[in-house]
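This is the structure I have questions about; it appears just below.
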Amino acid sequence: MTDTDDTDGQDLLGHVLLPVAHEEDALATARALEPYAPRRVTALHVVEKGGGVPDKTPVEQSEELAAESYAAVRRVFPAADEHTAYDHDVVDAIFDAAEAVDASAVAYRSRGGNRLMQFLSGDVSLKLVTNAPLPVVALPVVDGED
């Protein structure tokens, strides 16, 4: 297995954008990425905006959640950068952030859920891999997680 993208020689894991939802998810996602030894990591937390309806959580609470998530990622990747995005569409926010930080790839861990929840939420994983303007790496979920 190689870590370069054969289409242009870019190092696939040169700068990984790591979307995280909360502290526990951030730590598990960072640990799942760790064996692949990316050179640079930027943790991303998306604060979901309501898009014409009230926000899911107050912005202050969401920003605190983001700070806890970044701290968890730094337990695995001490030099990790952070990026907070505000959007009603999580997938769009991820790809916009990837462009903003010049990421070489997005690495994520599926958060699962039953089929109904995936359908109702629009299945972020499906959107990530089908609408991707850059490589998207699905990290393995360790037995007993989720």
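The values are calculated or read from the model by the stated rules, or taken from the named source; none is laboratory data. Worth saying up front: this structure is predicted, and the values here are computed from it rather than measured. All Cβ positions, even for glycine, are placed from backbone atoms using ideal geometry, and neighbour counts span all protein chains on display.
Which residue pairs have Cβ atoms closer than 7 Å, lie 6 or more positions apart in sequence or on different chains, and pair a first residue in region 72-92 that is more than 16 Å from residue 15 (Cβ to Cβ) and at pLDDT below 90 with a second residue that is among the charged types (D, E, K, R) and part of a strand (DSSP E or B)?
Listed pairs, sorted by first residue: 88/48; 90/48.
Name the single residue, out of those in region 109-146 being within 16 Å of the chain's Cα centre (by Cα), of a type outside the set (Gly, Ala, Ser) and not in a loop (DSSP other than H, G, I, E, B), that is modelled with the lowest pLDDT.
The qualifying residue modelled with the lowest pLDDT is 124.
While we're on this one: State all residues of region 34-71 that are modelled with pLDDT under 90, part of a helix (DSSP H, G or I) and under 23 Å from residue 95 (Cβ atoms); if no residue qualifies, say none. Spell out the reasoning first.
Start the filter on region 34-71 by keeping residues that are modelled with pLDDT under 90, which leaves 47-63.
Filter again for part of a helix (DSSP H, G or I), leaving 59-63.
The answer is 59, 62, 63.
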